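> This is the structure I want to talk about, given as structure tokens.
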Amino acid sequence: MDAYLSTVYEPECEYVDGEIVERNCGEVEHAATQGALAASLFPRRRELGIHVFMALRMRVSETRNRVPDITVTTQKGKGRILREAPFLCIEVLSPEDRASRMQEKIDDYLAFGVGYVWVANPRTRRGYVYTVEGMREAKDGVLRTANPEIALSLKEVV
């Protein structure tokens, strides 16, 4: 874990149970969607009382560090990596993403205490919201949270 934390990866990698795991990113569609979602949230950060980070390392357990495409917190982070559960993690699907690997990441986020996980599919412009209560498809492509209330339309952003 120490070697992982002291190494810079391009693009950023995750650390899962002793292994370095590459993330699927760097494609035009993925990067454009990630940028558009972050650009929609960032100008509203003061109004909503949030902090927006792209590709921030997050320690979800003693043996796992995850790197969401976008992380939203309600508290300013401390240190080099996030060790407290954020309010929201956003993942943008790439063509190479497998459902089982994405579900494992979502499970890690929720077990860590993340309030909301959004999964955005740029090809279909469909989105999914995960909480400890379960998963639901975003109606009309609008991803939502509560407290603070955030609503983003994939059809308008992507």
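> Out of all the residues in the stretch 1-51, which are over 23 Å from residue 93 (Cα atoms) and aromatic (Phe, Trp, Tyr)?
Passing the criteria: only 4.
> Where in the stretch 100-139 are the strands (runs of 3 or more DSSP E), entirely inside, with at least 1 residues that are among the aromatic types (Phe, Trp, Tyr)?
Working: elements: 116-121, 126-131, 134-137.
Of the strands (runs of 3 or more DSSP E) lying wholly inside the stretch 100-139, those with at least 1 residues that are among the aromatic types (Phe, Trp, Tyr) span 116-121, 126-131.
> Report yes if residue 35 is surrounded by fewer than 18 Cβ atoms within 10 Å (Cβ to Cβ), at pLDDT 85 or above, under 12 Å from residue 69 (Cβ atoms) and under 18 Å from the mean Cα position of the chain (by Cα), otherwise no. Steps first, answer last, please.
On the way: surrounded by fewer than 18 Cβ atoms within 10 Å (Cβ to Cβ): yes; at pLDDT 85 or above: yes; under 12 Å from residue 69 (Cβ atoms): yes; under 18 Å from the mean Cα position of the chain (by Cα): yes.
Yes, satisfied.
> Find the strands (runs of 3 or more DSSP E) located wholly in the stretch 2-72 whose residues include 2 or more that are in contact (Cβ under 8 Å) with a residue 24 or more places away in the chain, and list them. Steps first, please.
Values: elements: 14-16, 19-21, 51-54, 58-61, 64-66.
Ranges flagged: 14-16, 51-54, 58-61, 64-66.
> From (1) surrounded by 13 or more Cβ atoms within 10 Å (Cβ to Cβ); (2) among the acidic types (Asp, Glu); (3) touching a residue at least 12 places away in the same chain (Cβ under 8 Å), pick out the condition that doesn't hold for residue 107.
Here residue 107 meets the rest and fails (3).
> Determine if the stretch 54-68 includes at least one residue that is within 20 Å of residue 143 (Cβ to Cβ) and of a type in the set (Gly, Ala, Ser).
Yes, there is a match, as at least one residue in the stretch 54-68 is within 20 Å of residue 143 (Cβ to Cβ) and of a type in the set (Gly, Ala, Ser).
> Further question: Does any residue of the stretch 87-99 turn out to be of a type in the set (Phe, Trp, Tyr) and assigned to a loop (DSSP other than H, G, I, E, B)? Steps first, answer last, please.
Residues of the stretch 87-99 of a type in the set (Phe, Trp, Tyr): 87.
In the following step, the residues that additionally are assigned to a loop (DSSP other than H, G, I, E, B) were identified as 87.
Looking for residues that are of a type in the set (Phe, Trp, Tyr) and assigned to a loop (DSSP other than H, G, I, E, B), one finds at least one in the stretch 87-99, hence yes.
> Would you please list the contacts, defined by Cβ atoms under 9 Å and residues six or more apart or on different chains, that run from a residue in the stretch 114-134 that is more than 19 Å from residue 146 (Cβ to Cβ) to a residue that is surrounded by fewer than 20 Cβ atoms within 10 Å (Cβ to Cβ) and aromatic (Phe, Trp, Tyr)?
121/128
> What is the number of the single condition among (1) of a type in the set (Val, Ile, Thr); (2) under 17 Å from residue 96 (Cβ atoms); (3) surrounded by 12 or more Cβ atoms within 10 Å (Cβ to Cβ) that residue 50 does not meet?
That leaves (2) as the condition not met.
> Same structure, new question: Looking only at residues in the stretch 3-32 that are of a type in the set (A, V, I, L, M, F, W, C) and surrounded by fewer than 15 Cβ atoms within 10 Å (Cβ to Cβ), which one is nearest to residue 70 (Cα to Cα)?
Initially, the stretch 3-32 is screened for residues of a type in the set (A, V, I, L, M, F, W, C), giving 3, 5, 8, 13, 16, 20-21, 25, 28, 31-32.
Right, trim to surrounded by fewer than 15 Cβ atoms within 10 Å (Cβ to Cβ) and you get 3, 5, 8, 20, 28, 32.
Values: 3: 24, 5: 19, 8: 18, 20: 20, 28: 16, 32: 13 Å.
Out of the qualifying residues, it is 32.
The values are calculated or read from the model by the stated rules, or taken from the named source; none is laboratory data. Treat the numbers as computed from the prediction; the structure is a model and nothing was measured. All Cβ positions, even for glycine, are placed from backbone atoms using ideal geometry, and neighbour counts span all protein chains on display.
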